[in-house]
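Q: This structure is in structure tokens; I'll ask about it shortly.
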Amino acid sequence: MEALSFGAKVGRPAPHFDMRTTKDLETLEERAHLSDYRGQWLIMFFYPADFTLVCPTEIRGFRDHYEQLRSLRADVLGVSTDSVYSHRAWIETPPGKNGLGPVPFPLASDITKEVSRRYGVLDEEEGMALRGLFIIDPDGVLRYQVVHDMDIGRSVNETMRVLQALQSGGLCPVEWQPGQATLQPA
């Protein structure tokens, strides 16, 4: 695999994006832009491909926790290099037939691979995104990123824990959980 060059940096403004999405399954013309999420937290996750084995487990995991995430003032955007037409077909295919089923947040198409490159998750040889997860704050600053192999699914519970740690504004020690005290400087 070719070495990745990360354009996205924690503590810096998140790279802009403009992608077609499944917000309107009929027209597939609605777009997602970073500016759409100003004033709220954004959990943007990249996944390798539609109609695969691990990817639907992650998307369903975010679907199952979506209301909790919304209560934390966060929204979710899933991204792959597949087309919006593939996304729609996957959403409209029942899970029992290798489909995804309905999701309450949009899936975006990075068919040009430009956004995956900007966020440093594109596997150039495969032409697909690695599993990258980014938490962007209400001001558009990238606050968290994790990128890993295509074969391993992410933990939605860990994503929520990190989001709440970021929102706490404090110093959170190892294994910190929401509701626990943060560290205080001496």
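Q: In segment 162-186, which residues are touching a Pro at 6+ places or on another chain (Cβ under 7 Å) and over 17 Å from Val10 (Cα atoms)? Explain how you work it out, then say what you get.
A: Taking segment 162-186 as the starting set, the residues that turn out to be touching a Pro at 6+ places or on another chain (Cβ under 7 Å) are 164, 183.
Once the filter is applied, which keeps residues that are touching a Pro at 6+ places or on another chain (Cβ under 7 Å) and over 17 Å from Val10 (Cα atoms), segment 162-186 yields only Leu183.
Q: Of the residues that sit in segment 151-168 and are farther than 20 Å from Thr182 by Cβ and within 14 Å of the chain's Cα centre (by Cα), which one is surrounded by the fewest Cβ atoms within 10 Å (Cβ to Cβ)?
A: In this case the residue turns out to be Ser155.
Q: Then there is this: Of the residues that make up segment 4-27, is at least one modelled with pLDDT under 95 and more than 22 Å from Leu166 (Cα to Cα)?
A: Yes, because at least one residue in segment 4-27 is modelled with pLDDT under 95 and more than 22 Å from Leu166 (Cα to Cα).
Q: Follow-up question, since we're still on this one. Whether any residue in segment 117-139 is assigned to a loop (DSSP other than H, G, I, E, B), touching a helix residue (DSSP H, G or I) at 6+ places or on another chain (Cβ under 7 Å) and not acidic (Asp, Glu) is what I want to check.
A: no
Q: Quick test of your reading of the structure: Gly61 fulfils all but one of (1) in contact with a helix residue (DSSP H, G or I) (Cβ under 6 Å, 6 or more places away or on another chain); (2) part of a loop (DSSP other than H, G, I, E, B). Name the failing condition by number.
A: (2)
Q: Looking at Tyr66, Tyr37, Tyr47 in this structure, which one is within 30 Å of Ser168 (Cα to Cα) and in contact with a Pro (Cβ under 6 Å, 6 or more places away or on another chain)? Show your work before the answer.
A: On the way: Tyr37 fails: in contact with a Pro (Cβ under 6 Å, 6 or more places away or on another chain); Tyr47 fails: in contact with a Pro (Cβ under 6 Å, 6 or more places away or on another chain).
Unique residue meeting the criteria: Tyr66.
Q: Go through segment 98-120 and give me each residue that's under 19 Å from Ala14 (Cα atoms), among the aliphatic types (A, V, I, L, M) and touching a Lys or Arg at 6+ places or on another chain (Cβ under 8 Å).
A: Answer for segment 98-120, where residues must be under 19 Å from Ala14 (Cα atoms), among the aliphatic types (A, V, I, L, M) and touching a Lys or Arg at 6+ places or on another chain (Cβ under 8 Å): just Ala108.
Q: Among the residues of segment 91-118, how many are touching a Gly at 6+ places or on another chain (Cβ under 6 Å), of a type outside the set (S, T, N, Q) and closer than 23 Å to Gly61 by Cα? Working first, answer last.
A: Initially, segment 91-118 is screened for residues touching a Gly at 6+ places or on another chain (Cβ under 6 Å), giving 93, 95, 107, 118.
Going one step further and asking which of them are of a type outside the set (S, T, N, Q), we end up with 95, 107, 118.
Retained after the next criterion (residues that are closer than 23 Å to Gly61 by Cα): 95, 107.
Here the count works out to 2.
Q: Right, another one. Any idea which residue in segment 140-154 is nearest to Ala49 (Cα to Cα), counting only those that are part of a loop (DSSP other than H, G, I, E, B) and modelled with pLDDT under 95? Talk me through it step by step, then tell me what you get.
A: Quick first cut of segment 140-154, residues part of a loop (DSSP other than H, G, I, E, B) only: 140, 149-154.
Checking the rest, the ones that are also modelled with pLDDT under 95 come to 149-154.
Working: Asp149: 13, Met150: 10, Asp151: 12, Ile152: 13, Gly153: 13, Arg154: 15 Å.
The qualifying residue nearest to Ala49 (Cα to Cα) is Met150.
The values are calculated or read from the model by the stated rules, or taken from the named source; none is laboratory data. Treat the numbers as computed from the prediction; the structure is a model and nothing was measured. Cβ sites come from the backbone with ideal geometry, for glycine too, and all protein chains shown count toward neighbours.
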